[in-house]
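**Student:** Mind looking over this structure? Questions follow.
Values in this text are rule-based calculations from the coordinates and carry no lab data. Just so it is clear, the structure is predicted and the values come from calculations on it, not from any experiment. Note that we place each Cβ from the backbone using ideal geometry, even for glycine, and neighbour counts take in every protein chain shown.
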Amino acid sequence: MTATETYAAEDQRAMMSTITGFWVSQLTATLAHLEIAEHLHDGPKTAARIAELAGSDPAPPSGCSAPPWIPGS
């Protein structure tokens, strides 16, 4: 591997670290805003029930799809 390739690989890793850090921060902020931990305090619930308690819509935003491991997706 050349020095240029090494720097490119390091740059890619740094960029991915920044991107995933942003995703995690946005997810954490959303969980806090919707008070998800409080809604799950007394046990598991369906996505529909959590959405109802949080005053949110359980459907993914337009243009997004639920991950395949989510039942009914």
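**Student:** Kindly indicate whether ASP42 is charged (D, E, K, R) and in a helix (DSSP H, G or I).
**Tutor:** Details: charged (D, E, K, R): yes; in a helix (DSSP H, G or I): no.
When the stated conditions are applied, ASP42 does not pass them.
**Student:** Additional query: Taking only segment 42-56 into account, find how many residues are exposed (fewer than 10 other Cβ atoms within 10 Å of the Cβ) and either on the phi > 0 side of the Ramachandran plot or in contact with a helix residue (DSSP H, G or I) (Cβ under 6 Å, 6 or more places away or on another chain) (or both).
**Tutor:** Initially, segment 42-56 is screened for residues exposed (fewer than 10 other Cβ atoms within 10 Å of the Cβ), giving 42-44, 55.
Next cut, either on the phi > 0 side of the Ramachandran plot or in contact with a helix residue (DSSP H, G or I) (Cβ under 6 Å, 6 or more places away or on another chain) (or both) only: 43, 55.
Total meeting the criteria: 2.
**Student:** Separate question: Taking segment 3-17 on its own, how many of its residues are β-branched (Val, Ile, Thr) and either within 21 Å of ASP57 (Cα to Cα) or surrounded by 10 or more Cβ atoms within 10 Å (Cβ to Cβ) (or both)?
**Tutor:** First, the residues of segment 3-17 that are β-branched (Val, Ile, Thr): 4, 6.
In the following step, the residues that additionally are either within 21 Å of ASP57 (Cα to Cα) or surrounded by 10 or more Cβ atoms within 10 Å (Cβ to Cβ) (or both) were identified as 6.
The number of residues fulfilling the criteria is 1.
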